[in-house]
1. Assuming ASP70 fulfils every condition listed in (1) in contact with a strand residue (DSSP E or B) (Cβ under 6 Å, 6 or more places away or on another chain); (2) over 18 Å from LYS122 (Cβ atoms) apart from one, which condition is it?
2. Do we have any residue at all in the range 125-139 that's under 11 Å from the mean Cα position of the chain (by Cα), of a type in the set (A, V, I, L, M, F, W, C) and part of a helix (DSSP H, G or I)?
3. What about LEU64, is it in a helix (DSSP H, G or I), surrounded by 13 or more Cβ atoms within 10 Å (Cβ to Cβ) and not hydroxyl-bearing (Ser, Thr, Tyr)?
4. Look at SER71 and say whether it is free of Cβ contacts under 8 Å to residues at least 40 places away in the same chain and over 25 Å from GLU20 (Cβ atoms).
5. Could you tell me how many of the residues in the range 99-112 are over 18 Å from GLN57 (Cβ atoms) and either surrounded by 15 or more Cβ atoms within 10 Å (Cβ to Cβ) or of a type in the set (Ser, Thr, Tyr) (or both)?
6. Residues in the range 42-59: is at least one assigned to a strand (DSSP E or B) and touching a helix residue (DSSP H, G or I) at 6+ places or on another chain (Cβ under 8 Å)?
Amino acid sequence: MNRQLANMKQSLYDQGYLDEQFVQLEELQDDANPNFVEEVVTLYFRDSARLIQNIEQALEKTPLDFTKLDSYMHQFKGSSSSIGAKKVKFESTQFRDYCRIGSGECCKKTFQQLKKEYATLKKKLELYFQFARQVGPIEKACRPK
């Protein structure tokens, strides 16, 4: 089961969902706080849901306030970076680039893709942590291949 869990995590790296930052989070986990990574990721999804809602509301306004949209996405990108959400971070960067050039249509398209990547990551990490709880204490973090 430990091997399955390791393979599951490796596939998250191989598919581009996670980056090195996730490993760094795992390195902070120890016996005193064995669920640290799961707790941080859970907080990320809870807090980022509010930011997504703010962005959605801002995208419905006319005219679009690109400064406000960029500010919201800056916060969202920072949170995503802190857990190693690679694909979500990429879409956030794209969105911010479109804000800078004032392309509302591109912002809206990119935001739809971002929400898709976000939902996929959430589902995959929920499965990963659910399986990790069944396996029991996880051995020390190791770098992805």
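Each value in this text was obtained by applying a stated rule to the coordinates, not by laboratory testing. Keep in mind it's a predicted model, so treat the numbers as computed, not measured. Methodologically, a virtual Cβ is constructed for each residue, glycine included, from the backbone with ideal geometry; neighbour enumeration extends over all protein chains shown.
1. Among (1) in contact with a strand residue (DSSP E or B) (Cβ under 6 Å, 6 or more places away or on another chain); (2) over 18 Å from LYS122 (Cβ atoms), ASP70 violates only (1).
2. The answer is yes, given that some residue of the range 125-139 is under 11 Å from the mean Cα position of the chain (by Cα), of a type in the set (A, V, I, L, M, F, W, C) and part of a helix (DSSP H, G or I).
3. Here the answer is no, as LEU64 does not meet what is asked.
4. Yes.
5. 2
6. no
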